[in-house]
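Below is one structure, written out as structure tokens, with a few remarks after it.
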Amino acid sequence: MANPGRGMRLGFVEPHLARFGGIRRMIEFANRLVARGHDVTFYLPDDQILNCNWMPCDARIKTWTSGFQDELDIMRLVGAAPAYVKGPFVLEGMIQGGLGGVLALGLLWGIFHALSRDLLATSDLLGRTAIVLPPAMAALIVVGGTLVGLAGSLVSLGRLRL
């Protein structure tokens, strides 16, 4: 619901502003809303002419790409809550960071075993003791990757400033 002293911001996504397809009724409706103090914008495809020269139009006219910087703006336009808009991006960053940590552990394990086999065969540098990565350190690598993914997604969403 709009604030009592301020009108609503409304957007109409239209394929064109030509004289057919019910556009005249939409422009008349938008003119009435503007007269009542609301902020009305028509969003048109990029290849359309951005004026309505066949009848008065008090609403603003923008292209889709200038009006919607990205899919977040589209979701906000249709009324999605901020947590609903940004939550999936934060979760995706955490998942990618965690998977990056698991991949790092796998690469570390593979490289270590490839090198240790060759080193054990050629020298006594490592000795005969077993070298193992402690489970707490492995968990720390995965959690660290998850936190890096979380921070990256928050930076990209503008919630965290570096």
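The values are calculated or read from the model by the stated rules, or taken from the named source; none is laboratory data. The structure displayed is predicted, hence computed values, not measured ones. So basically every Cβ, Gly included, is an ideal-geometry build from the backbone, and we count neighbours across all protein chains shown.
Consider the stretch 11-40. How many of its residues are closer than 19 Å to T63 by Cα, of a type outside the set (D, E, K, R), modelled with pLDDT of 90 or more and not in a helix (DSSP H, G or I)?
Total meeting the criteria: 1.
What about F68, is it of a type outside the set (K, R), surrounded by 14 or more Cβ atoms within 10 Å (Cβ to Cβ) and modelled with pLDDT under 80? Let's see the steps before the verdict.
On the way: of a type outside the set (K, R): yes; surrounded by 14 or more Cβ atoms within 10 Å (Cβ to Cβ): yes; modelled with pLDDT under 80: yes.
Against the criterion (of a type outside the set (K, R), surrounded by 14 or more Cβ atoms within 10 Å (Cβ to Cβ) and modelled with pLDDT under 80), F68 qualifies.
Any idea which of (1) at negative phi; (2) at pLDDT 80 or above; (3) within 34 Å of the chain's Cα centre (by Cα) is the one R159 doesn't satisfy?
(2)
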